[in-house]
1. Considering only the stretch 33-45, how many residues are closer than 14 Å to residue 83 by Cβ and either assigned to a loop (DSSP other than H, G, I, E, B) or free of Cβ contacts under 8 Å to residues at least 24 places away in the same chain (or both)?
2. Given the condition surrounded by 13 or more Cβ atoms within 10 Å (Cβ to Cβ), within 12 Å of the chain's Cα centre (by Cα) and part of a helix (DSSP H, G or I), answer yes or no: does some residue in the stretch 46-62 qualify?
3. Looking only at residues in the stretch 70-90 that are part of a loop (DSSP other than H, G, I, E, B) and in contact with a helix residue (DSSP H, G or I) (Cβ under 8 Å, 6 or more places away or on another chain), which one is surrounded by the most Cβ atoms within 10 Å (Cβ to Cβ)?
4. When the stretch 1-21 is examined, which residues are found to be within 17 Å of residue 87 (Cα to Cα), free of Cβ contacts under 8 Å to residues at least 60 places away in the same chain and under 13 Å from the mean Cα position of the chain (by Cα)?
């Protein structure tokens with residue numbers, strides 16, 4: 001059973017919906033898997049060097065990956081990753 005990546009509506013239109021099965025042993029590998037399958041989505045999640053944009057937060061089972069080692073955080077089958085983009089306005 002792969003992990004599941006949950007996307008907000010604004011990003012779901014760049015993929016096959018709000019819930020995507022994703023493969024990888026780390027968060028970075030999961031994001032790379034998604035980027036290969038959905039290049040326009042991948043470009044919204046990470047920069048040209050492969051780093052997560054500072055305005056995008058990813059949660060691994062409700063824990064911010066920044067506190068789990070970032071892209072090196074371990075992902076297991078059945079884990080849930082949730083992408084939360086920052087929204088600005090005034």
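1. Residues flagged as closer than 14 Å to residue 83 by Cβ and either assigned to a loop (DSSP other than H, G, I, E, B) or free of Cβ contacts under 8 Å to residues at least 24 places away in the same chain (or both) within the stretch 33-45 amount to 5.
2. No, because not a single residue in the stretch 46-62 is surrounded by 13 or more Cβ atoms within 10 Å (Cβ to Cβ), within 12 Å of the chain's Cα centre (by Cα) and part of a helix (DSSP H, G or I).
3. Of everything passing the filter in the stretch 70-90, 75 is surrounded by the most Cβ atoms within 10 Å (Cβ to Cβ).
4. 12
Each reported figure results from applying straightforward, stated rules to the coordinates on display, with no laboratory input. None of the values given here were measured: they were computed from a predicted structure. Using ideal geometry, Cβ is built from the backbone for each residue, glycine included, and neighbour counts are taken over all protein chains shown.
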